[in-house]
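Notes follow once the structure below has been shown.
The values are calculated or read from the model by the stated rules, or taken from the named source; none is laboratory data. All values reported here derive from a predicted model rather than from experimental measurement. Please note: Cβ atoms are built from the backbone with ideal geometry, for glycine as well, and neighbour counts cover all protein chains shown.
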Amino acid sequence: MAAYKPVVVQACPKLGEKITQDTLYWRGYKTPVQIKEFGAVSKIDFSPVPPYNYAVTASSRIHIYGRYSQEPIKTFSRFRDAAYSATYRDDGQLLVAGSEDSSIRLFDVSGRAPLRQFDGHTKPVHQVGFLSDKYRIFSGGDDYSTNLWDIPSATEIVSYSEHTDYVRCGCASKVNADVFITGSYDHTVKLFDARTKSSVMTIEHGHPVESVLLFPSGGLLVSAGGRYVKVWDVLKGGQLLVSLKNHHKTVTCLCLNSSGQRLLSGSLDRHVKIYSTTSYKVVHSFNYATSILSLALSPEDETIVVGMTNGVLNVKHRKPEERNEKSQKKRQPAYRTYVKGRTYMPKQEDFCVSKPVKRVLRKYDKLLKSFESSKALDAVLEPPIMLHTPEVTVAVMQELHRRGTLRSALAGRDEKQVNLLLTFVARRVIEPRFTPVLVTVADMITDIYQPVVGQSAIVDKQFLKLQEAIGKEIDYQEELLEVLGMMDTLFATFTEKRDTYLEENKSNGLAETMETNRND
Amino acid sequence: MVSARALRVVRCGGGALSGARAVFSADSKYLLCASGDFVKVYSVTTEETLRLMGGHADLVTGIQLNPHNHMQLYSSSLDGSIKLWDFMDGIPIKTFTVGCKLLALYTLASAEDSVFVVIPKKGERDTFQLVSVKLTKGAGQDLEAKELSVVLDGVGASAKQIAFGREGEYVASVKEVNLQVYFFKRKLLNRFSLRAVKTKGGDNQFSCVACHPTEDCIATGHADGKIRLWRNFHHKKEYTYSALHWHHDIVMDLAFSMEGTRLLSGGVESVLVQWHNESSCQKDFLPRLGSPIEYISMSSDGALCCTLHTDNRITIINSNLRFSRSIQGLIKSRDVKTGLVVDPRTKALVMNGEPGHLQFYCLQSDQQLFSLDIVQRQYIHEAGLKQSDLVKVAFSAQGTWLATVEEREEVTDPELELKLWFYEEETQSFKLNTRINTPHDNHITDMCFRDMGELEDDSLILVTTGRDCVFKVWVMVEDTDPEAQQSVSWSCDFVGSYHNYQATNCCFSEDGSLLAVSFEETVTVWDSVTWDLKCMFCHPPGNIRNICFGRLTCSKYLIGATDYGFLCCWNLLTCALEWSAHLNIVVLQPDPLSEHIAAVSWLSKESSLFVFKPNEPRPIYIQRNLCKEKILLAAFVPRDEPETTGSEKYLWLRRSQLFFLTDTQELMTLSTKPLEERLTPSSKQLAVEESLPVTPFSLLLGKHRRQQSQEDIDLGKLVVHNKHEQASPAVKELLHTPAHVLPSASFLCPIFINSLLISKENKSTEEVADEVEMESEKTEDDSDEERDVTEMEQEDTSHMELLGEMTCKLSKSQEKELRKIRKMDYSWISAF
């Protein structure tokens, strides 16, 4: 004897974006806060220590923002010209910045005036950073040179002039205090060791390098330039691991998330793409209003800060975790009841009576089980089901049609219900997955309620809406067929003639045409 | 010796269980059931077939317990004989030949030596009469029973349309809109009729009748689903009736409980309805029994009831209307759309089962292995409702993948669904992997997997052909996303067509390199790697009906059968017709293990079988007139071990067995062995198993208790009891002494065993004599009614050893009986 089988709701995979763990994770941000800066935001850097303030470099100022503040909590504005690349030291105490006037300034985060000033570059300095021993600074300038500075004495330790174009980006290794990399517009990324007089490794990126990044392990190097993001294996002598081309304009900034599992890239094409660092597939992507110049992610991925070319700073905070556990707990039985009898082992002479498993049925299933068609239809026409899960409504309609009781379920409804039904049908009938069922439903409704047309203005309006929707859909399909015909002709001319060309591959859709051509 | 044997057509898959009402044995331990030409005995607790009693030459139409001896069973058959069986031993006691078709059988306790049967009236078609048959006493097994006396004329042909009332005082018969009640004592016939006009869409025709066991009340079922309860029918005019209505379709059967307080009814809805106290407000339901209920029967103690369903199933139900267990035979659905498919894993025959299910039927053990729910939707039991059903099934070579197509006939366009199932080792069942909605725009005509044997994983390809003029190639795609739930799914890879003709059949060559697809009149051959069209064959006029590739040494041949009655063989190397034959081939089936191909032709009301190798046009084996019915489907099932027939002629049957299904849903096979060899082993084995007592200890205890209770009543056996009394103290002591004061077991053992030996010898001699007396004279002995079955068994086994020493101490009358017994046939003893 079989139990009642619930209605099968067709789960159609949604076209386009698939809901994955990543999508859910990256969607968990609040609506962004927009802050207007004085100029294009060229660099954003988070302080590595709590409370995770971040320094934003825009035009001739460096603003430091607190975690939730919308006003800067501190400003460094002692620059005559544009400031570049304000970067925190590992302990969050010091901040270094290059500038258009070719000098590098070192600030105490709590102070105002620069502690040190390093002069030696002859052109603007776009990239400065601390080495991981905290006592040295590396810098790259538009004079093609890469310099290393000693903080206590404010003197130059070594200067490399190996690049043949502007040096615009760099990154220090976290594992080795002597190693850092720089990327330049001469299409190369160079790896330097402070202990040697020349670069250790040169990697050819192929495009002007806009941003470079070293993985925390120091083994992998990511470079961005042109439309490409490339990942290199440093330990294998700079072998190309993977080349990603997911943006359609220059990629300007790179960033790793706190766990190191995801790589983020921002581009002038207004997108931030998130890659998995295991498969190097795009797992999520954000869309912004204007071209992106800089990007930073706070520890624990609490905040995403994006700087744009129009000087807007876009700050997204993570939504707090769901707090409804408390209300759930209330309903649960006490722990004692929960574990009661769980550990009891039946003795040999015990007669075991198994408790029948209670199957929970949805409301419409219960009604269908007792053959109450009209009520079952009512149950799925309730707004929450109808709006959010139209597939359930359609599945029940289909089941009623299979049982041959759809007509009687649809009949005998009042103005309000007919209105509701027609709204649903008119809205969903054009969706391909619902069309076969809803066309039948629409047919039946028109049949049943034909005699009362003209008695209610609301219903009449809905009928007109339905007609309009179907008319539009027909026009649209006709247009699509035309396009398909055009494409078929195009593909036919592309296909090379072979002597054994006997088959006639009739294609029903675009996808199949592509398929066939691939196989040819 | 071998060459003399002819190939026989053997019916297999069990007969239809729904031939007659099932009967419970008096102790409700066994269920007796008519199954085709046989009567089957099932154990109620284990659902196992204990006995298969064969002897009738045609369908068994009725079985009833002998009211005077509950160990005996009457059965009637269309071959015109009534047989009396001892169903515990499975032996026929007597055969009464009546001489005309018997359509139903009834027995009455009050009728001394006659039974009632329904026979067709002589000289008139479609009129039947209820007659009582006097079962003549006489020596010998085969007797003539020609003393017929007509009780009622113009009765229905079905056993459900006649019922005997309280203590056999009257008989009620229904036909069309008439109810007849005949009172035996008063010799009075009352007729009642309902209006024939269909009032309010109702149909007043009677469908079945049942009588209240203690009151004067008749329940009748009607075609419109009503149940009427008739009372006061002694009077012609003042009769009354009340109606109960729940069924929306015809009431198929009715049954009263033993006390008459409950009435059970069932019908097409496959819901068992229980009515309390004949009121329509109090009723209980047991829904979703799977298929329409054909018969309902109650056990005599009222603890169990069983329903027989149209799909060859028996459901046993507790008295509190709880489903207890079911016995499932081969489900014979009206239309086997899926064809006969062999599961490569279990070697089971796979075909349509319950609606929307796939049944796996094991041919060796003759039982259903399991039923796989394919459609996974609630089936509504309603006549005339079109619901999704399974139409095509295909297995991959190793049985790891299963593809199914289900469709629902619609006015506009059919609702099609293609499902792919993966066999999971852990759960040992198929799991749904991919579901494809509307794989084709029109009906799918054929489907096949590419059989690549061991290279299965990445080379697996599924091809479907449809009436929408295309064939589609489906391939497995691996999901590269590591976080996805399942690693593989199926998607369309290629769509091919040929001149906008409907694609009808498809078939892969043995090595999987070529695909043959037939488009109406043409067979096209495609390369399975590049999907290029390689060549075409046709044999006009006539559409291609079947195609298949040759195997092993004959793999260069392609065989096709056309509508216009041609069987053609094309050579793939020369692209030319090798040979053709003028035969109307219905079924073309290649043997998967050899190069033989079986073809079944249908010509002028007979089916013929041809077995041939593609490389020679002369068939290896021809059997004309295989059977009278049209053969619809056939399948080769690989044997577990090759059969050792020396005959050259039947070499093609060595490695696989050919099964075929006719349009009357009979599953048949070809066998070289004689009938006895096939049947005996299983029944013998069961007999031995069943006669083993549960434990000797419980048997002993049970005997003692019974004897004590009988002591007061049965004075005649006092001597025996006294003897027991002498033996029992040893046992009593053993049982009642606390365990810690007993001596060691080795000391007690001989005493215990000795006590057993004495008691058994004395008792069984006496009782066997009693038993024999009872059987031959059929005297009513109430004390025997109480006897346990296990006891009976034991006594029967002791027959043999005791026969020799039964001579001197018996009285004259007993000696007379003994002589009678000697005349009886004891050949069955050799079976033990």
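Applying a threshold of 6 Å to beta carbon distances and a minimum spacing of six or more residues, or different chains, the list of pairs starting in the range A:396-411 at a residue that is at the interface with chain B (Cβ under 9 Å from one of its Cβ atoms) and ending at one that is acidic (Asp, Glu) is empty.
Which is within 20 Å of residue B:464 (Cβ to Cβ), in contact (Cβ under 8 Å) with a residue 12 or more places away in the chain and under 45 Å from the mean Cα position of the chain (by Cα), of B:547, B:559?
Details: B:559 fails: within 20 Å of residue B:464 (Cβ to Cβ).
Within the list B:547, B:559, the selection yields B:547.
Just to be sure before I move on: is residue A:206 assigned to a loop (DSSP other than H, G, I, E, B), within 25 Å of the chain's Cα centre (by Cα) and surrounded by fewer than 18 Cβ atoms within 10 Å (Cβ to Cβ) in the structure I sent? It is false that residue A:206 is assigned to a loop (DSSP other than H, G, I, E, B), within 25 Å of the chain's Cα centre (by Cα) and surrounded by fewer than 18 Cβ atoms within 10 Å (Cβ to Cβ). Taking the listed residues A:25, A:4, the one that is within 14 Å of chain B (Cβ to nearest Cβ), surrounded by 12 or more Cβ atoms within 10 Å (Cβ to Cβ), more than 27 Å from the chain's Cα centre (by Cα) and of a type in the set (Ser, Thr, Tyr) is A:4, with no other qualifying.
Under the condition of being assigned to a helix (DSSP H, G or I) and within 12 Å of chain B (Cβ to nearest Cβ), the residues counted in the range A:412-440 number 5.
Can you find a residue in the range B:156-173 that is in contact with a helix residue (DSSP H, G or I) (Cβ under 8 Å, 6 or more places away or on another chain) and at pLDDT 90 or above? So that I can check it myself, show each step before the final result.
Start the filter on the range B:156-173 by keeping residues that are in contact with a helix residue (DSSP H, G or I) (Cβ under 8 Å, 6 or more places away or on another chain), which leaves B:173.
Applying the additional criterion that residues be at pLDDT 90 or above yields B:173.
Checked the range B:156-173: at least one residue is in contact with a helix residue (DSSP H, G or I) (Cβ under 8 Å, 6 or more places away or on another chain) and at pLDDT 90 or above.
If the condition is being within 11 Å of chain A (Cβ to nearest Cβ) and not hydrophobic (A, V, I, L, M, F, W, C), then the range B:382-395 contributes B:382, B:384, B:386, B:387, B:388. Is there a residue being assigned to a loop (DSSP other than H, G, I, E, B), polar (S, T, N, Q) and within 11 Å of chain A (Cβ to nearest Cβ) anywhere in the range B:501-524? Checked against the condition, which is being assigned to a loop (DSSP other than H, G, I, E, B), polar (S, T, N, Q) and within 11 Å of chain A (Cβ to nearest Cβ), the range B:501-524 yields no hits at all.
Within the range B:329-372, the set of residues being in contact with a Pro (Cβ under 8 Å, 6 or more places away or on another chain) and among the basic types (Lys, Arg) comprises B:347 only.
Is it the case that some residue within the range B:63-78 is within 30 Å of residue B:125 (Cα to Cα), surrounded by fewer than 18 Cβ atoms within 10 Å (Cβ to Cβ) and at pLDDT 85 or above? Looking for residues that are within 30 Å of residue B:125 (Cα to Cα), surrounded by fewer than 18 Cβ atoms within 10 Å (Cβ to Cβ) and at pLDDT 85 or above, one finds at least one in the range B:63-78, hence yes.
Answer yes if at least one residue in the range A:8-20 is within 14 Å of chain B (Cβ to nearest Cβ), surrounded by fewer than 14 Cβ atoms within 10 Å (Cβ to Cβ), basic (Lys, Arg) and not in a helix (DSSP H, G or I), and no otherwise. Taking every residue of the range A:8-20 in turn, at least one turns out to be within 14 Å of chain B (Cβ to nearest Cβ), surrounded by fewer than 14 Cβ atoms within 10 Å (Cβ to Cβ), basic (Lys, Arg) and not in a helix (DSSP H, G or I).
Residues in the range A:266-283 that are more than 13 Å from chain B (Cβ to nearest Cβ), assigned to a strand (DSSP E or B) and out of contact with any Ser or Thr (no Cβ under 7 Å at 6 or more places or on another chain): A:275 alone.
Among B:380, B:374, which is the only one that is aliphatic (A, V, I, L, M) and free of Cβ contacts under 8 Å to residues at least 12 places away in the same chain? Full working, then the answer.
Working: B:374 fails: free of Cβ contacts under 8 Å to residues at least 12 places away in the same chain.
Checking each option against the conditions leaves just B:380.
Would a scan of the range A:84-98 turn up a residue that is assigned to a strand (DSSP E or B), in the same structural domain as residue A:189 (by the TED database) and at positive phi? Yes: one or more hits. Of the numbered criteria (1) touching a Phe, Trp or Tyr at 6+ places or on another chain (Cβ under 9 Å); (2) at pLDDT below 90; (3) within 14 Å of chain A (Cβ to nearest Cβ); (4) not in a loop (DSSP other than H, G, I, E, B), the one residue B:326 fails is (1).
Against the numbered list (1) at pLDDT 85 or above; (2) within 12 Å of another protein chain (Cβ to nearest Cβ); (3) surrounded by fewer than 21 Cβ atoms within 10 Å (Cβ to Cβ), residue B:345 comes up short only at (2). So, residue A:66, is that one closer than 26 Å to residue A:273 by Cα, in contact (Cβ under 8 Å) with a residue 40 or more places away in the chain and more than 14 Å from chain B (Cβ to nearest Cβ) or not? When the stated conditions are applied, residue A:66 does not pass them. Give the range B:396-417 a look and list any residue that's under 17 Å from residue B:376 (Cβ atoms) and away from every other protein chain (no Cβ under 14 Å), or say none. Answer for the range B:396-417, where residues must be under 17 Å from residue B:376 (Cβ atoms) and away from every other protein chain (no Cβ under 14 Å): B:402, B:403, B:404, B:405.
Restricting to the range B:256-273, what's the tally of residues that are more than 15 Å from residue B:208 (Cα to Cα) and surrounded by fewer than 20 Cβ atoms within 10 Å (Cβ to Cβ)? Going through the range B:256-273 one residue at a time, the tally reaches 6. Residues that are assigned to a loop (DSSP other than H, G, I, E, B) and hydrophobic (A, V, I, L, M, F, W, C) within the range B:32-77 comprise B:44, B:57, B:59, listed in sequence order. Considering A:173, A:159, A:145, the condition of being among the hydroxyl-bearing types (Ser, Thr, Tyr), out of contact with any Lys or Arg (no Cβ under 8 Å at 6 or more places or on another chain) and under 18 Å from residue A:87 (Cα atoms) is satisfied by A:173 alone. In the range B:484-500, the residue that is nearest to residue B:422 (Cα to Cα) out of those that are within 14 Å of another protein chain (Cβ to nearest Cβ) and either in a loop (DSSP other than H, G, I, E, B) or acidic (Asp, Glu) (or both) is B:486.
Here the condition is being touching a strand residue (DSSP E or B) at 6+ places or on another chain (Cβ under 6 Å) and surrounded by fewer than 23 Cβ atoms within 10 Å (Cβ to Cβ); of A:176, A:257, A:147, it holds for A:257 alone.
Cβ separations smaller than 7 Å between residues 6+ apart or across chains give the following pairs from the range A:445-466 residues that are at positive phi to residues that are surrounded by 13 or more Cβ atoms within 10 Å (Cβ to Cβ): A:454/A:460.
Of the residues B:495, B:470, B:517, B:523, the single one that is touching a helix residue (DSSP H, G or I) at 6+ places or on another chain (Cβ under 7 Å), modelled with pLDDT of 90 or more, of a type in the set (A, V, I, L, M, F, W, C) and not assigned by the TED database to the domain that holds residue B:406 is B:495.
Among the residues of the range A:28-57, those that are free of Cβ contacts under 8 Å to residues at least 60 places away in the same chain and either assigned to a helix (DSSP H, G or I) or among the hydrophobic types (A, V, I, L, M, F, W, C) (or both) comprise A:49, A:55. Of the numbered criteria (1) over 25 Å from residue B:215 (Cβ atoms); (2) in contact with a Leu (Cβ under 9 Å, 6 or more places away or on another chain); (3) among the acidic types (Asp, Glu), the one residue B:335 fails is (2).
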